[in-house]
Amino acid sequence: MVFNTGAALLDAIVLAVVSKEEGGTYGYKITQQVRQVIELSESTLYPVLRRLQKYGFLEVYDMECGGRNRRYYKLTMSGTTQLAMYRREWKEYAGKINGMFEGGAIYE
């Protein structure tokens, strides 16, 4: 894709993916789901997950799976609020960009 993905958009995408699983989801699965819309390596994902955890948007827990621990990520209430803000901002931003592409009005 020719468009760069900034940190805020990547945070929003990761929160949206994690929000789909009520009980939480693990890193590899998050990577696979994000890759459906943008190119992302696991080495890029894990710093994002740590940042979101540091901000209090994700809670982290380990669960045994196949004899190994797997780290799960789940949205906190603060993460749910942040995701709602990202959704509102994205809707407004995408509407403006689409308006420009389609020859409509440019909003200030």
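The values are calculated or read from the model by the stated rules, or taken from the named source; none is laboratory data. Nothing here was measured: the structure is a model prediction, and the numbers come from that model. Because the Cβ atoms are built from the backbone with ideal geometry, glycine has one as well, and the counts that use them run over all protein chains shown.
Exactly one condition in (1) surrounded by 15 or more Cβ atoms within 10 Å (Cβ to Cβ); (2) within 18 Å of residue 5 (Cβ to Cβ) is not met by residue 53; state its number.
Among (1) surrounded by 15 or more Cβ atoms within 10 Å (Cβ to Cβ); (2) within 18 Å of residue 5 (Cβ to Cβ), residue 53 violates only (2).
In the stretch 29-77, what residues are acidic (Asp, Glu), at pLDDT below 95 and in contact with a helix residue (DSSP H, G or I) (Cβ under 9 Å, 6 or more places away or on another chain)?
The one that is acidic (Asp, Glu), at pLDDT below 95 and in contact with a helix residue (DSSP H, G or I) (Cβ under 9 Å, 6 or more places away or on another chain): 42.
Got at least one residue in the stretch 67-80 being aromatic (Phe, Trp, Tyr), within 12 Å of the chain's Cα centre (by Cα), assigned to a helix (DSSP H, G or I) and surrounded by 15 or more Cβ atoms within 10 Å (Cβ to Cβ)?
No, the stretch 67-80 has no match at all.
Before we move on, is residue 9 more than 18 Å from residue 78 (Cβ to Cβ), out of contact with any Ser or Thr (no Cβ under 7 Å at 6 or more places or on another chain), surrounded by 13 or more Cβ atoms within 10 Å (Cβ to Cβ) and not β-branched (Val, Ile, Thr)?
The answer is yes for residue 9.
So which pairs qualify, if the first residue must be in the stretch 76-105 and over 29 Å from residue 60 (Cβ atoms), the second must be part of a helix (DSSP H, G or I), the Cβ gap must be under 7 Å, and the two must be at least 6 apart or on different chains?
Listed by first residue and then by second, the contacts come to 105/99.
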